[in-house]
Amino acid sequence: MSKTQQSFDAIVVGAGFAGLYMLHRLRGLGLAVRVLEAGDGVGGTWYWNRYPGARCDVESMQYSYQFSDELAQEWSWSERYSAQPEILRYANHVADRFDLRRDIQFNTAVTSAHFDDGSNHWDVGTSDGTHLSARFLVMATGCLSTANLPQIKGRESFAGSTYHTGRWPHEGVDFSAKRVGIIGTGSSAVQSIPLIAQEAQHLFVFQRTPTYSVPAHNAPLDREEERRIKADYRGFRARAAQTVFDIDGDFSATPALSVSEEERQRVYEERWRQGGLTYLGAFGDLVLDSKANETAQDFVRQKIREIVKTPKVAEALMPDHAVGTKRLCVDTSYYDTFNRPNVTLVNLRHTPIEEIVPVGIRTSERLFELDAIVYATGFDAMTGALDRIDIRGANGLALKETWSAGPKTYLGIATSGFPNLFMIAAGPGSPAVLSNMIPSIEQHVNFISDIIGHMGERQLSRIEATPAAQEAWVAHVNEVAAPTLFPSTNSWYVGANIPGKPRIFMPYIGGYPVYVQKCNDVAANNFEGFVLSANA
Ligand code: FAD
Ligand code: N01
C-alpha cells in the first residue's frame, strides 16, 4: 500500500457506455471518482471497433441512453442502425454534455486490483506503475473488449499487414489493389466483408462455421417514427423493458409447429422483410424446441440458396447449428457478396488452415497469397477483460483461480470473496449480452448506485455477496439455461471460442423483466444476499 498515490471513493475501470454512466451516477452521490481507461478516448466498443461496416444491430432509437430526457429528446440519429462513427460521436457528446472527461484518465490500463481487508479499500495498479486506492471498484471493462487472436501456427511470420476488427486503426485502411484474407464469419465479418469486397482486388473469406444472417434493411431514420417515439419516449422504453430482450418488437408466444407450413412461411417471410433481430421472435419456442428451430433454420438456408448463385458456394454458406444460439447476424448484402467475381469462400471444414506463412495462408488444399489478413475472430468474451487483471479479493483470493472451473456471480454484478467490487454488464449471470445492452447497462449502474448510496447513508464500508446467495443465483442461471438450445452450441456464450476456457453458458436467459424484478426485490429487502458492514 505504500506505493498508493491517490485515493478516491470509487474507481471505475473502462470508459464505454457503462463507465460513463457509472461516473455520472456516482458523482451525483457526491463521490470522488476516477475512471481509468486503456484507450485514449471514450466509447469502448465504438472506440475500438472501427472496421468498415461496423454498426449496431439494435435500432438506434433503442440503442441509446434513457437516463436523461433532454439527451434523449435532443439527440437525433441519422439511420435506423447507426454506424460506428455516429455512435462514437454520441459517446463523446455524452462525455462533454455531462462534463465527464475531467475524471477520466486515458491511456491507463489497470493491471492489478488487490483488496485490503483491514481498510476495506482496493489498491489498483496501472500500466504506468502508479497505484490508486478506493473503497469501491467498478469493473466497466466490457463483455466484448478483449480481442481474440487465434493460435494459428506461423501467425507472427506473415509479412503483410494484419488487422483485428476489434482493434481497427483509427486512420482507416485502404484495401484497394490488395489481396485480402479475412478469417471468421461472425457479426464483425458479416458487416465488414461486403465493404472490404468492394475495395479489395480480391477477398478470400476463411470460414470455419457458416453463420445465419438476416437483412438489416438499414435506411435513413424515418422522421415520422422518430417524432412518434419521442412523443412518449419513456412509455416506449417501458414497453420494451417488458420484453425478454428489452427490445421493442413483436415477440410471438405461438409455437412454430402449432401453425400450418404455409402460415410459418408467411411469418418468416414477413420477419425477413422487416429485418433485424426480431426474426427470432417469429415464434415463441425457437430457442427451446429443436424441431421448431429447424423450421427457422430451413427458411434462412432457402434464402441463401436463392441469393447465392453458385450452388456449391451456397451449400458451403449454410449453417447447421440452431439459429439464435450464436448471436444472430444482421447484414447488408452479406450473402450476395459471394456472387462477386473477386470474392472466394474458403471452406475450412473441408480444407483447414495449416499455417500462416510470410506470403499468406496455407490450407490443406493450397497456399493463398495475401497482402493483408483481417482477423474477425471475436473476443475472449465476458470474463476476458477481468481475467487479464490480477484481481485479488479478501484473504488474497485470486479471481482467476476462484473462477477456474467457471465464473460465479450474484446477479452478474458481484462475486463472493471480492468485497466492494462490482461488474457492469460483463458479469456472467447477467442478462446484458442477450439484451439491448445500453438499457441493461443503465439498470446495472442504477442498482450499483443504489447500493453505494444506501451504504453511504448508513455509513457502511463493506459489502459482499454471500456464498449461499451466489450459489442460489448460479443454480437459477443454469436451471433456466438447461431447457434451451443455447448450451449445446459452440459459441462465445459458452466460452467455446477460447481454448481451455471452462464450458459454462454464461448469460442469464430467464428474461430481462424477471431479472429486473429480482434486483428490485433484492433492493427492497435491504439488499438481501449481500452482507453489509461497517467494520472499518
Ligand atoms: P465496452 O464498450 O467494451 O467498454 C469497456 C472499456 O473498458 C473499453 O474502452 C476498454 O478499453 C476498457 N478496459 C477494459 N479493460 C481495461 C483495463 N484493464 N484497464 C483500463 N481499461 C480497460 N450491443 C447491443 O446491445 N447492440 C448492438 O448493436 C451492439 N453492437 C456491437 C457491435 C460490436 C462490433 C461489438 C464488439 C459489440 C456490440 N454490442 C452491441 C455489445 C457492446 O459491447 C455493448 O453494447 C456496449 O457498448 C458495452 O459497453 P461497456 O461500456 O460495457 O463496454
Ligand atoms: O466474433 P465471433 P465477432 N480459425 O466470435 C472464427 C457483437 N457484435 O467479432 O464459429 C478459423 O462471433 C469463428 O469461427 P467458429 C456480437 O455480440 C455485434 O464477429 O469459432 N476461424 C467465427 O466465425 C457478436 O456475437 C455486431 O468456428 C476462426 C469468428 O471467427 C460479438 O460481438 C457486430 C478461428 C468469430 O466470430 C462477437 O462478434 C460485431 C480460427 N482459429 C460484433 N478462431 C453487430 O452487428 C475464430 N474463428 C451489432
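The values are calculated or read from the model by the stated rules, or taken from the named source; none is laboratory data. Since this is a predicted model, take the numbers as computed values, not measurements. Virtual Cβ from ideal backbone geometry, glycine too; neighbours counted across all protein chains shown. Protein only, heavy atoms only, side chains kept; ligands, DNA and RNA dropped before computing areas. Shrake-Rupley method; radii C 1.70, N 1.55, O 1.52, S 1.80 Å.
Relative contact order of the chain: 19 percent, from C-alpha pairs under 8 Å at least 6 residues apart in sequence. Name the residue from Gly427, Val359, Ala38 whose Cα lies farthest towards the positive end of the charge dipole of the chain, charges +1 on Cβ of Lys and Arg and -1 on Cβ of Asp and Glu. Sorting the options by dipole projection puts first Val359.
Roughly to the nearest percent, how much of the accessible area of the stretch 1-158 is carbon and sulfur, given a 1.4 Å probe?
Working: 2780 of 5910 Å².
Percent of accessible area from carbon and sulfur atoms in the stretch 1-158: 47.
Taking a ≥ b ≥ c as the square roots of the Cα gyration tensor eigenvalues, the stretch 181-329 comes out oblate, since a/c reaches at least 1.5 and a/b does not exceed b/c. Dipole of the stretch 261-416 computed with +1 at Lys/Arg Cβ and -1 at Asp/Glu Cβ about the Cα centre; of Gly281, Asn339, Tyr268, farthest Cα towards the positive end is Gly281. The residues of the chain expose, per residue, 40 Å² of accessible area to a 1.4 Å probe. Determine the shape class of the stretch 34-190: with a ≥ b ≥ c the square roots of the Cα gyration tensor eigenvalues, call it rounded for a/c under 1.5, and otherwise prolate if a/b is greater than b/c, oblate otherwise. Note, shape of the stretch 34-190 comes out oblate.
With coordinates expressed along the principal axes, the C-alpha atoms belonging to the chain extend over 70, 55, 44 Å, beginning with the largest. Diffusion coefficient of the stretch 179-266 by Stokes-Einstein, Kirkwood radius over Cα pairs, 37 °C, 0.692 mPa s: 189 µm²/s. Sorting the segments 277-284, 336-343 by their mean number of nearby beta carbons within 10 angstrom, highest to lowest, gives 277-284, 336-343. Can you pick out the pairs among Lys291/Lys518; Lys400/Lys501; Lys178/Lys312; Lys291/Lys312 whose Cα atoms lie more than 20 Å from each other? In this structure, Lys291/Lys518; Lys178/Lys312; Lys291/Lys312 exceed 20 Å between Cα atoms. Only DSSP H runs of four or more residues enter the estimate; each adds -39500 (n - 2.57), and after division by the residues of the chain the mean residue ellipticity at 222 nm equals -9000 deg cm²/dmol.
Multiplying the residue separation of Glu224 and Ser488 by 0.36 nm and subtracting their alpha-carbon distance yields 90.7 nm. Going by accessible surface with a 1.4 Å probe and the largest first, His454, His217, His444 read His217, His454, His444.
Farthest towards the positive end of the charge dipole of the chain, among the residues Phe67, Phe8, Phe530, is the Cα of Phe8, using unit charges on the Cβ of Lys, Arg, Asp and Glu.
Taking each residue as 0.36 nm, the span from Lys518 to Asn342 lengthens on full extension beyond its C-alpha to C-alpha distance by 58.1 nm. Dipole of the stretch 249-360, Cα-centred, from +1 at each Lys and Arg C-beta and -1 at each Asp and Glu C-beta, to the nearest 20 debye? Here the size comes out at about 280 debye.
The stretch between Glu479 and Glu365, if pulled fully straight at 0.36 nm per residue, gains 36.6 nm over its current Cα-Cα span.
With both residues required to sit in the chain, DSSP beta bridges show an antiparallel share near 40%. To the nearest 10, the accessible area of Asp9 is 70 Å² with a 1.4 Å probe. Relative to the longest principal axis of the Cα atoms of the chain, the long axis of helix 17-28 lies at roughly 20 degrees.
With the Cα gyration tensor of the stretch 472-536 giving a ≥ b ≥ c as the square roots of its eigenvalues, does the rule (a/c under 1.5 for rounded; else a/b larger than b/c for prolate; else oblate) give rounded, prolate or oblate? Since a/c reaches 1.5 but b/c is at least a/b, the shape of the stretch 472-536 is classed as oblate. Normalising the average separation of contacting C-alpha pairs (under 8 angstrom, six or more residues apart) by the number of residues puts the relative contact order of the stretch 381-460 at 21 percent.
In percent, what relative contact order does the stretch 388-429 have, based on Cα pairs under 8 Å that are 6 or more apart in sequence?
This gives 33 percent for the stretch 388-429.
Computed with every protein chain present, the accessible area of Lys326 is close to 60 Å² [probe 1.4 Å]. The dipole here belongs to the chain: it is taken about the Cα centre, uses +1 on the Cβ of Lys and Arg and -1 on the Cβ of Asp and Glu, and is about 740 debye. Between Ala398 and Ser533, the modelled labels are 2.6 nm apart [label points 7 Å from Cα along Cα→Cβ]. Only the Cβ atoms of Lys and Arg (+1) and of Asp and Glu (-1) were treated as charged; on that basis the dipole of the stretch 368-510 about its Cα centre amounts to roughly 320 debye. Surface composition of the stretch 306-406: carbon plus sulfur atoms hold 49% of the accessible area, using a 1.4 angstrom probe and ignoring ligands, DNA and RNA. Measuring from a point 7 Å past the Cα of Phe106 along Cα-to-C-beta, which residues in the stretch 29-55 have an amide N at less than 13 Å? Inside the label zone: 37-44, 47-48.
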